[in-house]
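Here the structure is laid out as structure tokens; the discussion comes afterwards.
The values are calculated or read from the model by the stated rules, or taken from the named source; none is laboratory data. Only a predicted model underlies this, so the values are computations on that prediction, with no experimental measurement involved. Cβ atoms come from the backbone with ideal geometry, glycine included; neighbour counts cover every protein chain shown. SASA here: full protein model, heavy atoms, side chains in, ligands and nucleic acids out. Shrake-Rupley method; radii C 1.70, N 1.55, O 1.52, S 1.80 Å.
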Amino acid sequence: MKLMNSLLSGAAVAFALSLAGPVAAQDCPHGDLDKRFCDVDGDLIADTPTDPAELADPDTLIFAYTPVEDPAVYKEAWSDFLTHLESETGKKVMFFPVQSNAAQIEAMRSGRLHIAGFNTGSNPLAVNCAGFNPFTIMASKDGNFGYEMEIITYPGSGIEKVEDIKGKQLAFTSPTSNSGFKAPSAILKGDFDMLPDRDFEPVYSGKHDNSILGVANKDYAAASIANSVKARMLSRDVITEDQVVTIYKSQTFPTTGFGTAHNLTPDLKEKIRNAFFNFEWEGTSLQAEFEKSNEGQFLPMTYKEFWEVIRKIDTANGVSYSCE
């Protein structure tokens, strides 16, 4: 299966490639990475180009956060951090309110996105097709990180355990989402012998908040969601505890990975990295939003180690990182 083709229309792909310019395969190790990229050091992410002509040092940096909820919520949440990023880099920074995981990947692949937080499930595609270089995730002040996939329903739905979903509708978010599609698909198949269309009707809400609200309002019988998003929605009183019931909770997965486009200059990459790790959360708009899911610092990480379980889930689901 060509996952990129399932996410982007032919016109969108053509547009992205036209912005990116001609692509030629490089004679270098690249593993699962698109042939535009090299991975000489074997860390599974695209190396910084060695040709100075291929490096980017834009006057304005574009930042995008994964579209788990309404982008307007997060434009305000990230405002203090982006001001800090401007101070650390000496550049103007703009928030890009992406509407879908596909649009976010397309933007970085075409050179229009420089700094981003990609959700758990789309990280591998962003790494392999767009040259994303993740290096940090959010964590609690004591160093704990991650979230769980939950399958939720509403009280009185008649669903008390996973098997009760048979013959009913289950809402996913999008094919690139780990908790919104990839993990539940692998778990339902492997642990419960349940397949979409055969055992239940799959529908796609587009975002975690849509799925959660859909269940809370009884539009969906059940949905697979990230419980970190649910926690923030509960904290903002978007939903109440008595509107949803959890019938399954997974192991802990890494949360959104933050990083840069691979082709930024080394000096700019270092300034951006430092901005994440020296940011003071106390009293900021970022703390106000993300302390709702018990997050209060940026933790260094590597894609090779932290995303190993996600790559295994992709393998179990037959997901390809092919970009053609």
Solvent-accessible area of E76, probe 1.4 Å, all protein chains present, reported in Å² to the nearest ten, please. 120 Å²
Dividing the alpha-carbon Rg of region 155-209 by 2.2 N^0.38 Å yields what? 1.09
By per-residue mean of other Cβ atoms within 10 Å, what is the highest-first order of 308-321, 219-232? 219-232, 308-321
Efficiency by 1/(1 + (r/R0)^6): what FRET value for E86 and T315, r their Cβ-Cβ distance, R0 = 30 Å, to the nearest 0.05? 0.15
For the chain, the Rg and Dmax computed from alpha carbons only, in angstrom: 19.5, 62
In what sequence, highest mean first, do 212-218, 121-127 appear when ranked by Cβ atoms within 10 angstrom? 121-127, 212-218
Put one equal scatterer on each alpha carbon of region 141-283, apply the Debye formula with no solvent term, and list log10 I(q)/I(0) at q = 0.10, 0.11, 0.12, 0.15 1/Å to two decimals. -0.42, -0.49, -0.56, -0.77
Net charge of Cβ neighbours under 13 Å - reference E163; Lys, Arg +1; Asp, Glu -1: -2
For region 205-287, what is the accessible area per residue in Å² when the probe is 1.4 Å? 40 Å²
Using a Cα-Cα cut-off of under 19 Å, which lysines could be cross-linked to K312, ignoring same-chain neighbours fewer than 8 residues away? K2, K182, K189, K249, K304
Computed from the beta carbon distance with a Förster radius of 41 Å, FRET efficiency for E270 and R236 to the nearest 0.05 stands at 0.70
Suppose the chain between E163 and F277 were pulled fully straight at 0.36 nm per residue; how much longer would it get relative to their current alpha carbon spacing? 36.6 nm
Sort 32-41, 257-266 for me by packing, meaning the mean count of neighbouring Cβ atoms within 10 Å per residue, highest on top. 257-266, 32-41
Of the accessible area of the chain, with the probe set at 1.4 angstrom, what percent is carbon plus sulfur? 49 percent
